[in-house]
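To keep things clear, I will list the structure first and then write my remarks on it.
The values are calculated or read from the model by the stated rules, or taken from the named source; none is laboratory data. Computed from a predicted structure; not experimentally measured. Using ideal geometry, Cβ is built from the backbone for each residue, glycine included, and neighbour counts are taken over all protein chains shown. Heads up: the accessible areas ignore ligands, DNA and RNA and are worked out on the full protein's heavy atoms, side chains in. Shrake-Rupley method; radii C 1.70, N 1.55, O 1.52, S 1.80 Å.
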Amino acid sequence: MKQSFICLVFLLLSNILFAQDEEIDASKPTNFYTQLYNHLEYNYSKDGPDTFGYRAEFMFAPSEAHLLLAELPLLHNTGTNKTGIGDFRARYFYLPYKNYDKLLGAFGPSVDVFAPTGDYDKGLGTGTWLVQPGVTVGLMFADWIQAFPILSYQYTSSPVIDRPELLDEAQHGISFQIITPIIFSEKFFMQVTPIYTASNLSKDRNDRYIQEVVAQYALSDKLQISSFYRGIFKDNNHTARLALLVFL
């Protein structure tokens, strides 16, 4: 039993060390790496208070086919003047197929789970569970143009707390996004991602168009800096982040 455990640890360490030696191409969301994102974040909302703080995002890639993600923000709400943790996010991404020499360059399912760990009354959480299973496809049109469509189902639970302003029923919806990498050099790339969400497919629709943009630059083999923008224009809600990425 002891020898089997030692062998398992050795294999996991070998996978991580092997990943460290390969050339990093973070422009494709279907390339998996063990890494830590350190985000500084500011969220502006015209019709509500702003929030700002630090967001830690850890990704663990035991192999090229599996990715685990854990994300936890520490936020301050300017309206309530309260500071604390926000909603926790966990993700599992499985990639059974990847061949960038083909038009269909990658394919795999994933599931995102957002847990209501943030305090709703302090303006730090949503008060609901959100579960998003989805499918990602990589389309390799050419070396200079690629696209990664993602189609997801969204399940939003009924509130875990009793508040009159919250809709007291579960919601079912969909989202569709296309991550489009724009590679300028081996060190610098951008990702432009238009997103359409319909979080509630009942008669009380809540459809939104969302635009995300990422710009990322490699400082060294193991360090990269990143800027992120997310705009929900119908709600006049905007999020900006600056991040330091450490590849482990």
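Given a 10 angstrom Cα cut-off, can you work out which residue in F93, F141, F189 is the most mobile in a GNM of the chain?
F141
Taking only protein heavy atoms into account and a 1.4 Å probe, give the accessible area per residue of the chain in Å².
Details: 13890 Å² over 248 residues.
Per residue, the chain has 56 Å² of solvent-accessible surface.
Report L124's accessible area, 1.4 Å probe, all protein chains in place, as a number in Å² to the nearest 10.
Approximately 10 Å² for this residue.
What's the carbon and sulfur percent of region 44-126's accessible surface, probe 1.4 angstrom, rounded to a whole number? If you can, show how the numbers build up before the last one.
Details: 2610 of 4240 Å².
So the carbon and sulfur contribution to the accessible surface is 61 percent.
Looking at region 130-239, I'd like the Rg to Rh ratio, where Rg is from alpha-carbon atoms and Rh is Kirkwood's inverse mean 1/r.
My calculation of the ratio gives 1.07.
Would you please name the trypsin sites (Lys or Arg not before Pro) within region 39-118 that are DSSP coil residues with at most 14 other C-beta atoms within 10 Å of their C-beta?
Details: sites: K46, R55, K82, R89, R91, K98, K102; in loops: K46, K102.
Of the trypsin sites (Lys or Arg not before Pro), the ones in loops of region 39-118 whose Cβ has at most 14 other Cβ atoms within 10 Å are K46, K102.
Evaluate E = 1/(1 + (r/R0)^6) for F176 and Y217, where r is the Cβ-Cβ distance and R0 equals 25 Å; express this FRET efficiency to the nearest 0.05.
In this case the efficiency is close to 0.30.
Considering only protein heavy atoms and a 1.4 Å probe, what is the carbon-and-sulfur percentage of the accessible area of region 141-219?
C and S atoms contribute 59 percent here.
With bins 10 Å wide starting at 0, give me the P(r) of region 26-85 over every alpha carbon pair, in whole percents.
Reading upward from the zero bin: 21, 37, 24, 16, 2.
Relative to the longest principal Cα axis of the chain, at what angle does helix 2-21 sit, 0 to 90 degrees, rounded to 10?
It works out to around 90 degrees.
Considering only the other residues whose Cβ falls under 15 Å of the Cβ of N81, what net charge follows from Lys and Arg at +1 and Asp and Glu at -1?
For residues surrounding N81, the net value is -1.
With respect to the cross-link table entries K102/K187; K98/K222; K102/K222; K102/K203, which display a Cα-Cα separation exceeding 32 Å?
Those over the limit are K102/K203.
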